[in-house]
Amino acid sequence: MAVKPDSPELSNKYADTLSTVHELIRTRWSPRSFSDRPVSAEDLKAVLEAARWAASSNNEQPWRFVVARKSDGEAYERILSLLDPGNQQWAVTAPVLIIMAAKRTFSHNGSPNIYAIHDTGAALAQLFLQANALGLHAHGMAGFDRERARQVLGIPEDYDLGAAVALGYRDLPEKLTNEKHRKSEVAKRVRKPLDELVFAGRWNEPLTL
Ligand SMILES: Cc1cc2nc3c(=O)[nH]c(=O)nc-3n(C[C@H](O)[C@H](O)[C@H](O)COP(=O)(O)O)c2cc1C
């Protein structure tokens, strides 16, 4: 039986933020324990639609998504097989797997788009937040075989490989077979301090807020 998304048994790793931030940002995190409950076509479409409306340099919209649902059988297995073994261990229960790609050049003149991966990351961030708004969670993965993905999925040379993504509903941390993953599922989320990331007008100048 699937655990309800608001069940107290699920670990809720809310961000311990300095300021009040939007609930969708505070409550987004990257779980590994996914239930096999399917994601409806409507919700999957909404998550991808949120990504589609991200901002991008020259409105190029360089992002592309190769999507497979567990019910797609072979297509799902194809993406799963590209993931690193450590990611396969937990992603295997996620009902949706995605591989993202970014078009390297601008469509209007063929010149290099050095912001392609940057903007594709922005689309991924919107995907994460829309997933959260729908009671879903998504987990990005750099750990997959890019070259094999290009071949197996037929991704053209003009596209860089972005992240892989697992999408679905959370399940109990205990369901994870790997101890390291189980621990990480309930561990506190941490971030670098703001003053390490933010400068006032010039590199390394502290910003007082
Ligand atoms: C582009 C990208 C690649 C990632 N690669 C992996 C990965 O291969 N395996 C994994 O378990 N987590 C991966 N993560 C998840 C990060 O480890 C996670 O986002 C980070 O620890 C912060 O945790 P939080 O998302 O729960 O706040 C990735 C996340 C992103 C955005």
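Principal semi-axes of the equivalent ellipsoid, √(5λ) from the alpha carbon gyration tensor of segment 89-177, are 28, 16, 9 Å from largest down.
Take the Cα radius of gyration of segment 141-187 and divide it by 2.2 N^0.38 Å, N being the number of residues; the result is 1.59. Among residues other than Ile117 with Cβ under 14 Å from its Cβ, the summed charge is 0 (Lys and Arg +1, Asp and Glu -1). How would you classify segment 1-110 from its alpha-carbon gyration tensor, with a ≥ b ≥ c the square roots of the eigenvalues: rounded for a/c under 1.5, else prolate if a/b is greater than b/c, otherwise oblate? Judged from the Cα gyration tensor, segment 1-110 comes out oblate (a/c at least 1.5, b/c at or above a/b). For segment 2-159, the share of accessible area belonging to carbon and sulfur comes to 53 percent (1.4 Å probe, ligands and nucleic acids excluded). Beyond 27 Å between alpha-carbons counts as too far, so tell me which of Lys4/Lys180; Lys13/Lys103; Lys13/Lys175; Lys70/Lys175 fall in that bin. Pairs exceeding the cut-off: Lys13/Lys103.
Averaged per residue, segment 1-120 has 56 square angstrom of accessible surface, using a 1.4 angstrom probe with ligands and nucleic acids left out. Helices in the chain, meaning DSSP H runs of at least 4 residues, each add -39500 (n - 2.57). Divided by all residues, the mean residue ellipticity at 222 nm is -9500 deg cm²/dmol. Expressed as a fraction of 2.2 N^0.38 Å, the C-alpha radius of gyration for the chain is 1.09.
The values are calculated or read from the model by the stated rules, or taken from the named source; none is laboratory data. These numbers come from a predicted model, not from an experiment. Neighbour counts are summed over all protein chains in view; Cβ atoms, including those assigned to glycine, are modelled from backbone coordinates with ideal geometry. These area figures cover heavy atoms from the full protein model, side chains too; ligands, DNA and RNA do not enter into them. Shrake-Rupley method; radii C 1.70, N 1.55, O 1.52, S 1.80 Å.
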